[in-house]
Amino acid sequence: MPEFRPNLTARRVHEQLRQSLAALQSAEKNAVLWFTEMLHRKLYRDLGYGSIHQYAAVELGFSPSKTSQFLRLSEGLKRLPRLKKAMVRGEIEWTKAREIEKVATAKTERSWIAQDQRVSRREREEKVRYVR
């Protein structure tokens with residue numbers, strides 16, 4: 001990802017912004033997947049921490065709510081392997097996966113993933129709210 005440089009043309013600023021946002025989405029997805037790896041393999045213990053909460057607070061600077069958010073999605077990815085594969089392949093952003101995890105089951109995850117490709121973010125959020 002290129003470094004910020006002021007005074008570029010509108011087209012170049014637009015291109016740089018889009019590239020930066022794509023890199024940000026990729027980084028967020030990878031952060032969730034690495035956190036999941038740290039959690040499920042209990043690797044935080046190898047680093048001297050007694051809990052994932054302690055590790056996340058000290059090493060990652062996570063608030064309790066951010067840790068809870070990552071924990072919930074990590075646990076969801078453990079029980080929803082198709083959702084995890086879709087995230088790994090970059091087919092679903094982590095924020096979308098977070099919404100799907102709230103309502104999907106082993107029987108319905110395939111449908112939620114397929115549906116996600118066809119609906120807007122707002123429509124998905126409304127469906128999740130309705131199902132909950």
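The values are calculated or read from the model by the stated rules, or taken from the named source; none is laboratory data. Computed from a predicted structure; not experimentally measured. Don't worry about glycine lacking a Cβ; one is built from the backbone with ideal geometry, like all the others, and counts go over all protein chains shown. Note: areas computed on protein heavy atoms with side chains; ligands, DNA, RNA excluded. Shrake-Rupley method; radii C 1.70, N 1.55, O 1.52, S 1.80 Å.
Across the stretch 69-93, which residue is surrounded by the most Cβ atoms within 10 Å (Cβ to Cβ) among those that are among the acidic types (D, E) and at pLDDT below 90? So that I can check it myself, show each step before the final result.
The first filter runs over the stretch 69-93 and keeps only residues among the acidic types (D, E), leaving 75, 91, 93.
With the extra rule that they be at pLDDT below 90, the set shrinks to 91, 93.
Values: E91: 14, E93: 18.
Here the residue is E93.
Out of the stretch 103-132, which residues are of a type in the set (K, R), surrounded by 11 or more Cβ atoms within 10 Å (Cβ to Cβ) and modelled with pLDDT under 90? Reasoning before the result, please.
Restricting attention to the stretch 103-132, the residues satisfying the condition of being of a type in the set (K, R) are 107, 110, 118, 121-122, 124, 127, 129, 132.
Add one more test, that the residue is surrounded by 11 or more Cβ atoms within 10 Å (Cβ to Cβ), and what stays is 110, 121, 124, 127, 129.
If the condition is that a residue be of a type in the set (K, R), surrounded by 11 or more Cβ atoms within 10 Å (Cβ to Cβ) and modelled with pLDDT under 90, then R121, R124, K127, R129 are the ones that fit.
Give all pairs with beta carbons closer than 7 Å in which a residue from the stretch 39-51 that is without any contact (Cβ under 8 Å) to a residue 12 or more places away in the chain meets a residue that is β-branched (V, I, T) and assigned to a loop (DSSP other than H, G, I, E, B); count only pairs at least 6 apart in sequence or on separate chains.
If the second residue must be β-branched (V, I, T) and assigned to a loop (DSSP other than H, G, I, E, B), no pairs are left.
Could you please find all residues in the stretch 36-65 being over 22 Å from R110 (Cα atoms), open to solvent by less than 70 Å² (accessible area, probe 1.4 Å) and in contact with a Leu (Cβ under 8 Å, 6 or more places away or on another chain)? Reasoning before the result, please.
Initially, the stretch 36-65 is screened for residues over 22 Å from R110 (Cα atoms), giving 37-65.
Add one more test, that the residue is open to solvent by less than 70 Å² (accessible area, probe 1.4 Å), and what stays is 37-40, 43-44, 48-52, 55-57, 61-63.
Within the stretch 36-65, E37, L39, I52, Y55 qualify.
Hey, K96 hits all of (1) in contact (Cβ under 8 Å) with a residue 12 or more places away in the chain; (2) open to solvent by 20 Å² or more (accessible area, probe 1.4 Å); (3) part of a loop (DSSP other than H, G, I, E, B) but one; which does it fall short on?
(3)
What residue, among those in the stretch 1-35 that are farther than 24 Å from E93 by Cβ and surrounded by 12 or more Cβ atoms within 10 Å (Cβ to Cβ), is nearest to the chain's Cα centre (by Cα)? It would help to see each step written out before you state the result.
Step one: list which residues in the stretch 1-35 are farther than 24 Å from E93 by Cβ, which gives 3, 5-12.
Imposing the further condition that a residue be surrounded by 12 or more Cβ atoms within 10 Å (Cβ to Cβ) reduces the set to 8, 12.
On the way: L8: 32, R12: 28 Å.
Per the stated criteria, the residue is R12.
Within the stretch 51-60, track down each residue that is within 17 Å of the chain's Cα centre (by Cα) and farther than 24 Å from K102 by Cα. Spell out how you get there, then give the answer.
So the first thing to find is which residues in the stretch 51-60 are within 17 Å of the chain's Cα centre (by Cα), and the list is 56, 60.
L60 - this is the single residue of the stretch 51-60 that is within 17 Å of the chain's Cα centre (by Cα) and farther than 24 Å from K102 by Cα.
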